[in-house]
Amino acid sequence: MPLKAVLFDMFDTLMMIEHNHAFYQPSLKKTHRFLVQNGVNVSFKVFSTAYVKARDALYTVADAQMEEPHFNVRIVNALQSLGYNFDGSSGVVCGATLAFCEEFMRYVRIDEHAESTVAKLHGKYKLGIVSNFAIPECVFKLLERHNLTGFFDVVVVSGAVNKRKPSPEIFQKALEKLGVDAESTVFVGDTVDADIQGPKSMGMKTIYIERRPQKEIEHTHPDEIIKSLNQLPAALERCWHDKMLH
């Protein structure tokens with residue numbers, strides 16, 4: 001069976017989050033400023049505490065089901081605890097989420113080899129992204145900003161489908177949209193459970209991009225390990241050639 005599709009993780013694979021994920025406080029502050037401008041009259045400290053409480057309560061439930069509620073839900077729940085009742089689709093809630101996204105994007109840079117690598121693979125294979133992120137709009141904005149949108153046949157973001165990697169459902173959605181099966185697909189990513197164990201459990205080949213030391217990788221056995229995206233085309237050839245031999 002020929003290799004038909006390559007699926008990528010997004011963050012710390014195609015796009016790098018800089019400064020050790022230092023985006024959180026500035027992004028939350030920008031969210032708070034937007035809310036204050038729109039009639040939410042609480043201090044940043046009060047809002048921040050309510051937000052963290054709402055987020056953590058949400059994920060206590062969601063993690064058990066490998067779910068990913070849209071970021072809007074945590075904003076709604078935080079505001080509700082402060083006495084403000086907004087609908088999840090209201091301009092205030094969507095605007096607050098967008099404010100977080102805009103600040104977050106300042107901390108993201110495209111990997112130096114991402115564009116040249118996907119350009120090399122585009123047309124040869126079907127390409128897709130499967131990303132864990134609570135703000136799907138942010139993923140699409142980043143792809144557009146860095147002129148990557150046209151390379152991908154499908155982009156599935158956890159916050160849009162309420163399932164997160166390594167849940168089989170999120171991978172299945174990508175495979176169905178591409179019209180390929182797991183056995184003819186390779187997944188490329190940097191996280192052991194989400195990007196290697198998850199796809200392997202579905203029958204995909206996996207290529208691990210080593211961004212930081214992860215001891216668990218020794219027990220997970222990806223088909224290939226690379227240190228840079230520019231090594232990917234050769235790794236794809238190797239792992240598929242080896243499969244054909246067996």
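The values are calculated or read from the model by the stated rules, or taken from the named source; none is laboratory data. Keep in mind that what you see is a predicted model, and the values were worked out from it rather than measured. So basically every Cβ, Gly included, is an ideal-geometry build from the backbone, and we count neighbours across all protein chains shown.
So here's what we get for this one:
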read-out: Residue match in the stretch 62-71 (condition: farther than 20 Å from residue 161 by Cβ and either in contact with a strand residue (DSSP E or B) (Cβ under 7 Å, 6 or more places away or on another chain) or at pLDDT 95 or above (or both)); value: no
read-out: Members of the stretch 78-135 that are over 22 Å from the mean Cα position of the chain (by Cα) and acidic (Asp, Glu); value: 87
read-out: The stretch 99-134: number of residues that are in a helix (DSSP H, G or I) and among the β-branched types (Val, Ile, Thr); value: 2
read-out: Single match in 139, 192, 186 (criterion: modelled with pLDDT under 95 and either in contact with a Cys (Cβ under 6 Å, 6 or more places away or on another chain) or under 29 Å from residue 213 (Cα atoms) (or both)); value: 192
read-out: Residue in the stretch 90-98 that is part of a loop (DSSP other than H, G, I, E, B), assigned by TED's automatic domain parsing to the domain that holds residue 32 and farther than 16 Å from residue 160 by Cβ present; value: yes
read-out: Checklist (1) touching a residue at least 24 places away in the same chain (Cβ under 8 Å); (2) crowded, with 18+ Cβ neighbours inside 10 Å; (3) not in a helix (DSSP H, G or I) applied to residue 16, failing item; value: (2)
read-out: Residue within the stretch 176-189 that is in the same structural domain as residue 115 (by TED's automatic domain parsing), of a type in the set (A, V, I, L, M), under 11 Å from the mean Cα position of the chain (by Cα) and crowded, with 23+ Cβ neighbours inside 10 Å present; value: no
read-out: Number of positions in the stretch 63-89 that are touching a residue at least 24 places away in the same chain (Cβ under 8 Å), assigned to a helix (DSSP H, G or I) and either buried (at least 18 other Cβ atoms within 10 Å of the Cβ) or touching a Gly at 6+ places or on another chain (Cβ under 7 Å) (or both); value: 6
read-out: Given (1) out of contact with any Leu (no Cβ under 8 Å at 6 or more places or on another chain); (2) at pLDDT 95 or above, number of the condition residue 239 does not satisfy; value: (2)
read-out: Hits in the stretch 3-26 - residues which are in contact with a helix residue (DSSP H, G or I) (Cβ under 8 Å, 6 or more places away or on another chain) and farther than 29 Å from residue 151 by Cα; value: 26
read-out: Entirely in the stretch 135-246, the strands (runs of 3 or more DSSP E) that have 3 or more residues that are of a type outside the set (Gly, Ala, Ser), in contact (Cβ under 8 Å) with a residue 40 or more places away in the chain and more than 27 Å from residue 89 (Cα to Cα); value: 185-189
read-out: Residues being more than 18 Å from residue 184 (Cβ to Cβ) and either in contact with a strand residue (DSSP E or B) (Cβ under 6 Å, 6 or more places away or on another chain) or surrounded by 20 or more Cβ atoms within 10 Å (Cβ to Cβ) (or both) - total across the stretch 218-236; value: 3
read-out: Lone unmet requirement of (1) closer than 30 Å to residue 227 by Cβ; (2) modelled with pLDDT of 95 or more for residue 21; value: (2)
read-out: Residues located in the stretch 119-158, provided they are surrounded by 17 or more Cβ atoms within 10 Å (Cβ to Cβ) and among the small types (Gly, Ala, Ser); value: 128, 131, 134, 158
